[in-house]
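Student: The structure's right below; bear with me while I get my questions together.
Derivation of every value follows stated rules applied to the coordinates shown; laboratory data play no part. Every value quoted in this text rests on a predicted model; they were computed, and no experiment measured them. Note that each Cβ is placed from the backbone with ideal geometry, even for glycine, and that neighbours are counted across all protein chains shown.
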Amino acid sequence: MFLNWIKQGFFSNVRKDILSGLTVAFALIPEAIAFSIMAGVDPMVGLYASFVIAVSISFFGGRPGMISAATGAMASLMGPIVAKYGIEYLFATTVLTGILQWIMGALKFGRFITFIPQSVIVGFVNALAIVIFMAQLPNFEGATWIMYLMVAATLLIIYLFPLLTKAVPSALVAIIVMTIISVLTHADVRTVGDMGTITQSLPAFHVPSVPLSFHMFLTIMPYALALAVVGMTETLLTANLVDELTDTGSNKNREIKGQ
């Protein structure tokens, strides 16, 4: 069996999975913090939330090789809740969002993804890229020429390194190389820690401190419904895109319930 695994490239695939996982993990940290600030919550909230949903969806999701994390679309919907009612209402809203998504999965809403045309999927993916790009623009305000130089060098590594080899993800190489350069040169650039206070404390179980009333339910229901629909649409379109790229199938309804 061991020899068969080697012949089938099992360990080669494991190596690729580990390297891809490292790339995603490194990329999720600044992204989660940036979207946390965009939503108006403490960066640690975004970090813990991204970790929990990434691990949870890997077990309960319906698309192998795909996880979920912080997104600009969800953060933009959460911002008004925090600004108007506070973070406790956001916690309550996300609980209701999860309930609504599970119901949507149980009602097999996943079948509706087949009616979405390819042009919509392409537009959706491009729109996500634009939202993520726009969320990073505030970090360029007041930046030094060193930061712009490092950004350019990072992009060069990402796009040119695959010409040498594709054995290692170019994004991972860019992160490692530019981090080493930053540390050795003591470059005057902003770091992830500058975006918010990063603590080493573990999260604690917390019940949303909101009044349990029908008025509160009506208050958070529109936000929860919007988050549930956007979250479902994002994950299903992404799963559909991965299905087409890998020529494999996925359980859309399980993916919704896993969310």
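Student: I need to check one value: relative contact order of region 136-259, counting alpha carbon pairs closer than 8 Å and at least 6 residues apart, in percent.
Tutor: Details: 40 pairs, mean separation 20.9, N = 124.
Result for region 136-259 is 17 percent.
Student: Apply the Karplus parameterisation 6.51 cos²θ - 1.76 cosθ + 1.60, with θ equal to phi minus 60°, to every residue of region 237-252 and state each ³J(HN,Hα) to the nearest whole Hz, in sequence, with x for glycine and proline.
Tutor: Computed from phi, the couplings for region 237-252 are 5, 5, 4, 5, 5, 5, 4, 5, 5, 9, 6, 10, x, 8, 8, 5 Hz.
Student: Below 8 Å between Cα atoms, with a sequence gap of 6+, how large is the relative contact order for the chain in percent? Walk me through the intermediate numbers first.
Tutor: On the way: 254 pairs, mean separation 92.5, N = 259.
Answer for the chain is 36 percent.
Student: Is the shape of region 158-259 best called rounded, prolate or oblate, per the rule: a/c under 1.5 gives rounded, else a/b larger than b/c gives prolate, else oblate, with a ≥ b ≥ c the square roots of the Cα gyration tensor eigenvalues? Walk me through the numbers before you get to the answer.
Tutor: Details: a/c = 3.26, a/b = 1.36, b/c = 2.39.
Taking the square roots of the gyration eigenvalues as a ≥ b ≥ c, region 158-259 is oblate.
Student: Using the Cα gyration tensor of the chain, with a ≥ b ≥ c the square roots of its eigenvalues, what is the shape: rounded (a/c below 1.5), prolate (a/b larger than b/c) or oblate (neither)?
Tutor: Oblate, since a/c reaches 1.5 and b/c is not below a/b.
Student: Which residues in region 55-87 have a backbone N closer than 14 Å to a point placed 7 Å from the Cα of Ser209 along the Cα-to-Cβ line?
Tutor: Residues 86-87 qualify, since their backbone N sits under 14 Å from the label point.
Student: State the percent of C-alpha pairs, over all pairs in region 52-110, separated by a distance greater than 19 angstrom.
Tutor: Details: 722 of 1711 pairs.
Pairs farther apart than 19 Å: 42 percent.
Student: Would you calculate the separation in nanometres between label points at Thr199 and Trp145, each defined as 7 Å from the Cα along the Cα-to-beta-carbon direction?
Tutor: 4.2
Student: Determine Rg/Rh for region 25-76; Rg is computed over alpha-carbon atoms and Rh is the Kirkwood hydrodynamic estimate from the same atoms.
Tutor: 0.99
Student: May I ask for the distance between the Cα centers of region 195-259 and region 72-150, given as a whole number of Å?
Tutor: After rounding, the separation between the Cα centres reads 10 Å.
Student: Using a 7 Å offset from Cα along Cα-Cβ at Arg111, what residues in region 224-259 end up with backbone N under 17 Å from the label point?
Tutor: 250-257
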